[in-house]
1. Would you please name the residue that is surrounded by the fewest Cβ atoms within 10 Å (Cβ to Cβ), looking only at residues in region 229-245 that are away from the ligand (no atom under 16 Å from the Cβ) and outside any helix (DSSP H, G or I)?
2. Condition first: open to solvent by 10 Å² or more (accessible area, probe 1.4 Å) and in a strand (DSSP E or B). Now tell me which residues in region 187-208 satisfy that.
3. Please count how many residues of region 66-82 are of a type in the set (D, E, K, R) and within 13 Å of the ligand (Cβ to nearest atom).
4. What are the residue pairs meeting all of these: first residue in region 221-236, first residue under 19 Å from residue 177 (Cβ atoms), second residue open to solvent by 20 Å² or more (accessible area, probe 1.4 Å) and within 11 Å of the ligand (Cβ to nearest atom), Cβ atoms under 6 Å, and 6 or more apart or on different chains?
5. What is the one condition in (1) more than 16 Å from the ligand (Cβ to nearest atom); (2) of a type outside the set (S, T, N, Q); (3) touching a residue at least 60 places away in the same chain (Cβ under 8 Å) that residue 62 does not satisfy?
6. Filter region 261-301 for residues that are farther than 20 Å from residue 191 by Cβ and open to solvent by less than 60 Å² (accessible area, probe 1.4 Å) and give the result.
7. Please verify whether residue 301 is within 16 Å of the ligand (Cβ to nearest atom) and either in a loop (DSSP other than H, G, I, E, B) or of a type in the set (Val, Ile, Thr) (or both), treating the condition exactly as stated.
8. Just name the residue that is nearest to the ligand (Cβ to nearest atom) out of those in region 210-228 that are more than 17 Å from residue 193 (Cα to Cα) and crowded, with 22+ Cβ neighbours inside 10 Å.
Amino acid sequence: MTDTDRHSTHDAKSDDRNDHIKIYVDGEIVPKDEAKVSVYDSGFMLGDGMWEGMRLYDGQWAFFDEHMDRLFNSLKSVSIDLNMGPEDIRKILDDTAAANGMTGDAHCRLMITRGRKAKPFQHPALSKWGPTIVAIIEHSKPVDSLQNAGIRLATVPQVRGLPMSQDAKYNSHSKLNCVIACLQAEQAGADEGLMLDPHGFVNTTNACNFFIVRRGEVWTSTGDYCMNGVTRQKVIDLCRANDIPVREKNYSLYEAYGADEAFLTGTFGAQTPVAEIDGKPIGTGERPVMARIRALYKELVAENVAAQKAARG
Ligand SMILES: Cc1ncc(COP(=O)(O)O)c(C=O)c1O
């Protein structure tokens, strides 16, 4: 394998406009080179913050309410008081997209940390001045090779933890568990890490949720140890609504290796096929179930965007 064969689930087509985007930082929309936060920021110092990835379609943030539910639940759980609500966040995102002339094919990373600290130590009370808010919105179209070639996964030693250590449902700035898994996968010559749960069942990947298709049934993990992905839930709901058998269950690598299809889900790439796991090709390369789900998901995004447009006049 050469470096040019390598890709990650977040590979976007190169776009020079991203060198000159404007970024929202704490109330101001500034050129990329001027977008900076303090070295005392809790996000930089400790990974103490939460983020959301969202995509812009036709001027609307797809599944905005679902993303805000997850974000505000996470912030509440770690006692970050934002002092603003989802509609204020929407305005920040809309203003930043407008400043960049974007109405679609754009991806946002919204980041909220506990904020700048008075001293370089851990205690949350040292973040005296309230949260830091940053929104980076880039022009973004996933590369075609993700759909054509698919992703190669390697099962990695790093596992998803139990919820009483660092619950995988926190979309926290600290992604060290996932970064270690990604490094291990790369060192094994793969694109992304397939992570098991503490009992050895297949759980998720370091950056996306994971599904397999066996004999016409769609399987994913119970959800106990993975990110509560918005796309994951939409895929489950779509299967249920369209008579595609779907199960959230424990299963092992044995069943993953023998699957007819496997795919990843996430806001960036929607559904991305998995070509191989641990060097074993998955199925024949035909992916009829994933293709059907992908088409249904595309329709669902369009419906959601149309509903948001109608609701906002
Ligand atoms: C570890 C992990 N899994 C899955 C996802 C996908 O979640 P979503 O479908 O909400 O983008 C993310 C994205 O934030 C993630 O970080």
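The values are calculated or read from the model by the stated rules, or taken from the named source; none is laboratory data. For clarity, every value in this text was computed on a predicted model and none was experimentally measured. Note: ideal-geometry Cβ built from the backbone for every residue, glycine included; neighbour counts use all protein chains shown. Heavy atoms of the whole protein, side chains included, go into the accessibility calculation; ligands, DNA and RNA do not. Shrake-Rupley method; radii C 1.70, N 1.55, O 1.52, S 1.80 Å.
1. 243
2. Within region 187-208, just 196 meets the criteria.
3. Qualifying residue count, region 66-82: 3.
4. 228/169
5. The single condition residue 62 does not satisfy is (1).
6. Within region 261-301, 289, 291, 293, 295, 296, 297, 300, 301 meet the criteria.
7. Considered against the rule, which asks whether it is within 16 Å of the ligand (Cβ to nearest atom) and either in a loop (DSSP other than H, G, I, E, B) or of a type in the set (Val, Ile, Thr) (or both), residue 301 comes out as yes.
8. The extreme case among them is 218.
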